[in-house]
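In what follows, a single structure is set out as structure tokens and then discussed.
The values are calculated or read from the model by the stated rules, or taken from the named source; none is laboratory data. Note that the structure is predicted; figures quoted are calculated from it, not measured. In this analysis, Cβ positions are derived from the backbone assuming ideal geometry, glycine residues included, and neighbour counts consider all displayed protein chains.
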Amino acid sequence: MKQNKYDEDSFFRKCSQMDRSVKGLAGAGEWKTLERMLPDFHGKRVLDLGCGFGWHCRYAAEHGATSVTGVDISEKMLARAASMEKTDIINYICMPMEDIDFPPSSFDIVISSLAFHYTRDFPRICREVSHCLGSGGAFVFSVEHPVFTAQGRQDWHYDGSGGIMHWPVDGYFAEGPRKAVFLGEEVTKYHRTLTTYLGALAANGFEIIAVEEPQPSGELLNTVPGMRDELRRPMMLIISARKK
Ligand SMILES: C[S@@+](CC[C@H](N)C(=O)[O-])C[C@H]1O[C@@H](n2cnc3c(N)ncnc32)[C@H](O)[C@@H]1O
């Protein structure tokens with residue numbers, strides 16, 4: 001049974017209140033980095049895995065995609081996504097991304113934002129993505145960084161007076177589930193090494209185009225309390241790859 005945390009009432013409510021849910025892409029700290037890494041969508045068939053409220057689907061549609069398919073396990077996330085739709089070229093499918101089985105070369109671009117750390121088997125996802133992408137197709141995704149997921153609890157180590165000492169990285173090579181606390185609730189996330197991310201891409205016929213570890217913008221650093229601590233360790237990893 002796959003975790004479907006975003007369909008739980010309280011988690012969905014808290015997720016809906018996050019900046020990135022209310023403001024969309026503009027509210028996502030990594031968006032400017034991710035946007036730079038996205039390919040040209042004109043005339044392209046796009047698949048978004050773990051599409052949530054569909055912000056990236058709408059972006060692709062607004063930037064010339066001819067069709068966009070958003071896949072997500074959560075009915076609630078997709079219902080909200082559909083309620084914001086102004087175009088009929090976006091099609092949402094409620095299913096676990098692990099079960100996708102699209103015909104060969106169904107898509108030109110596959111994107112995914114912050115969803116793959118919820119799946120146990122990234123190499124399998126890579127295989128399916130490679131199968132449904134046409135030759136030369138783009139695969140661009142963000143995940144929580146292995147440095148961020150390794151220890152599991154996803155919190156700093158504090159000194160006796162509550163000051164941040166350091167970010168714990170432990171059990172790095174022990175891949176698998178971690179009980180993280182996110183939005184005040186226990187959530188299962190899957191830790192895997194950088195080697196696994198890059199190796200799975202290479203093993204499934206992808207070449208790496210770019211790798212980024214986004215940092216907060218100057219504006220965020222100057223306006224959001226505590227944001228400077230985000231410069232102490234990476235939180236996200238973004239990879240752009242192309243099917244050979
Ligand atoms: C952090 S949200 C990101 C949503 C969206 N991609 C964004 O960046 O705004 C993670 C999303 O992944 C979805 N998800 C988690 N596990 C999934 C799975 N196994 N298959 C499909 N979707 C999944 C969740 O329901 C949620 O909508």
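When region 26-72 is limited to residues that are assigned to a strand (DSSP E or B) and of a type in the set (S, T, N, Q), the one that is surrounded by the fewest Cβ atoms within 10 Å (Cβ to Cβ) turns out to be S67.
Taken as a whole, the structure places P177 among residues that are free of Cβ contacts under 8 Å to residues at least 60 places away in the same chain, within 13 Å of the ligand (Cβ to nearest atom) and more than 15 Å from the chain's Cα centre (by Cα). Return yes when L133 is of a type in the set (A, V, I, L, M) and within 13 Å of the ligand (Cβ to nearest atom) and no when it is not. Against the criterion (of a type in the set (A, V, I, L, M) and within 13 Å of the ligand (Cβ to nearest atom)), L133 does not qualify. Exactly one residue out of F173, F182, F148 is modelled with pLDDT under 95 and of a type in the set (A, V, I, L, M, F, W, C), and it is F182.
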